[in-house]
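These notes are about the structure you will find just below.
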Amino acid sequence: MALKSSNPTNALINRNFVIRVLDNPKENPVKNTKLTSANKLSGFINDEELKIKLFNKVLDGGKDKYTFMIRNRLKIEFHSK
């Protein structure tokens, strides 16, 4: 049984988006793809302020897909459900 999230922003992101993370996308974009949740995204992004900034941009915008490149080594895609 899944536990209810204590963070409403993470719950809202998980309810509305699928998050795909690519490590080193320029080397091999297909093999390094991982699906993750909003909470586990903290394992990829050490800066909490950056994570909140990305979440706010995704939630406030009206697009179906968002792509962010972090320091040219990490590609994060948000796909709406």
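The values are calculated or read from the model by the stated rules, or taken from the named source; none is laboratory data. As the structure is a computational prediction, the values presented were derived from the model and not from experiment. Neighbour counts run over all protein chains shown; Cβ positions are idealised from the backbone, glycine included. When the accessible area is computed, the model is the full protein with side chains, heavy atoms only, and any ligands, DNA or RNA have been set aside. Shrake-Rupley method; radii C 1.70, N 1.55, O 1.52, S 1.80 Å.
Annotations
- Backbone amide hydrogens, once placed in the peptide plane, bring residue 32 within less than 5 Å of nothing, excluding anything fewer than 5 places away on its chain.
- Summing Cβ point charges (Lys, Arg +1; Asp, Glu -1) relative to the Cα centre of the chain gives a dipole of roughly 200 debye.
- Compared with the dominant Cα axis of the chain, that is its longest principal axis, helix 48-60 is turned about 70°.
- Label separation (residue 6 vs residue 71): 2.8 nm, computed from points 7 Å beyond Cα along the C-beta direction.
- The mean sequence separation of alpha-carbon pairs under 8 Å and at least six residues apart, normalised by the residue count of the chain, gives a relative contact order of 37 percent.
- Toward the positive end of the charge dipole of the chain, with +1 on the Cβ of Lys and Arg and -1 on the Cβ of Asp and Glu, the farthest Cα among 33, 67, 52 is that of 33.
- Segment residue 52-residue 40, extension gain: residue separation times 0.36 nm, minus the distance between their alpha carbons: 3.0 nm
- Per residue accessible area of the chain, 1.4 Å probe, in Å²: 71 Å²
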